[in-house]
1. Quick check on the range 204-361: take the gyration tensor over C-alpha atoms, sort the square-rooted eigenvalues as a ≥ b ≥ c, and tell me if it's rounded (a/c under 1.5), prolate or oblate.
2. How do the peptides 39-46, 11-18 rank, highest first, by the average count of neighbouring beta carbon atoms within 10 Å per residue?
3. Between Arg308 and Glu251, what length comes free when the chain is fully extended (0.36 nm per residue of separation minus the Cα-Cα distance, one decimal in nm)?
4. Before anything else, pin down the relative contact order of the range 115-232: Cα pairs under 8 Å, at least 6 apart, normalised by residue count, whole percent.
5. Please report the antiparallel percentage of DSSP beta bridges with both residues in the range 115-232, rounded to the nearest 5.
6. Taking amide H positions as placed 1.01 Å from N in the peptide plane, with prolines and chain starts having none, which residues 5 or more places from Ile278, or on another chain, fall under 5 Å of its amide H?
7. Compute the length gained on full extension between His226 and Ala243: take 0.36 nm times their separation in residues and subtract their Cα-Cα distance, giving the result in nm to one decimal.
8. Among 19-29, 100-110, how do they line up from the highest to the lowest mean number of other beta-carbon atoms within 10 Å?
Amino acid sequence: MTDILVLGGGYTGVTAALRAARRTRRTGGRVTLVNASPRFTERLRLHRTAAGERLADHALTDVLAGGGVQFVLGRVAAIDPERHEVRLDPSPGHEARTLRYDKLVYALGTVTDVTVPGVAEHAYVYDDHTATVRLSRHLDTLTRGTVVVAGGGLTGVESATELAEARPHLHVVLLTRGRPGAMMGAGARAYLDRALQRLGVEVRAGVEITKVLPDGVELAGGELIHSDATLWTTGTRGLPQAAASGLAVDERGRIVVDAALRSVSHPDVYAVGDAAAITQSFGILHGTCQGGIPSALAAADSLAATLRGRRARPFRFGFFHQPVSLGRKDAVIQFTRPDDSPRRWYLTGRAAIAYKETVSDSPFTLFRLLKRGLVPVRAFGLTAGRS
Ligand SMILES: Cc1cc2nc3c(=O)[nH]c(=O)nc-3n(C[C@H](O)[C@H](O)[C@H](O)COP(=O)(O)OP(=O)(O)OC[C@H]3O[C@@H](n4cnc5c(N)ncnc54)[C@H](O)[C@@H]3O)c2cc1C
């Protein structure tokens, strides 16, 4: 038997585990997935949780059922890539334990970058479901007041519009260095600006936040903006466990991988999704499900190919779209070139809402197909490995 251990039960960990189980079942693969929570967190819908929506609960045991993957509940504390061991912290009802592996797939995602003073102590973040529910509960206690959303990237825009729509009694302020949705084309950006305006979101562009305080934020230059809740969406980093274990990481703590998605320092470790620094011809991929899921398929295929003594194919990926919800009643989809630069086309309104919902649901469809072995070897024309 070959013990394949997958760390992280998010979109990419589940994808890699189901794919690896299917692709190695005839070559003796035994796949185990470890996650800190028994729940499958739909990270790309967390802005809706923040706004107070009660989304479906998905147990990881259900998500993995019938896929040939064993689930272990536990928080990864440390990895010893020399001894091929992973140490898990004790969790409620579970003792600390050590798991051994032959091949490791690292899919622990990222955490919020808390370099700016006060973020760790005073800002709300999207690190996990519990942290997001904490924000939602706090907002429930406010009958009026101001919510500051820090960051004008797509997560910041989705959050500001969702919060403004769901909680119209609160004043939402979006603070951003550049323009909101700066990566989109002019038409989609203008549409997005109008949506922010319609929902009453106050946009302050061109600002730099230097400190988060218990009751506000401080800008470069000293201006104070009052806030009853500050949501921090600007920037993430890899978990400290990766660097601490001696795996080669980039300046953002993500595991540096080769074309077959193996750690450049420890080739028995594969890294996928947000946690990996994956180089393509146009640069290092930024964290999205869009790129993360294909990386997980490719890593599992690469691993399966290696176990069969074959050469893994290099991972190739090109972006296709930037889907952005603007509350529950509007959305805009920017179509892109493979390097994520905007094309001329974009979709708005009802068609965009339906498109965004389909995209957000698509991981569950993929999981079902993976269990049945129905995802082709060259899924999306991107994955490595051979049948
Ligand atoms: C509000 C929001 C909206 C987004 N919208 C989109 C979108 O529209 N399209 C898109 O492509 N992307 C979107 N993204 C980005 C997308 O969600 C991420 O790229 C994606 O979740 C990455 O998947 P992952 O599996 O690498 O990491 P994650 O989904 O973060 O999964 C990591 C898993 O590891 C587990 N874990 C973490 N630490 C430990 C530990 N120490 N021990 C054990 N388990 C641990 C976590 O519990 C989690 O299950 C959005 C993100 C946010 C926050």
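Bear in mind that the values in this text are calculations on the coordinates, not laboratory data. Worth saying up front: this structure is predicted, and the values here are computed from it rather than measured. Glycine also receives a Cβ, built like all others from the backbone with ideal geometry; neighbour counts cover every protein chain displayed.
1. oblate
2. 11-18, 39-46
3. Between Arg308 and Glu251, full extension yields an extra 17.1 nm.
4. With pairs under 8 Å counted, the relative contact order is 33 percent.
5. About 30 percent, rounded to the nearest 5.
6. Leu285
7. Gain on stretching His226 to Ala243: 2.4 nm.
8. Final packing ranking: 100-110, 19-29.
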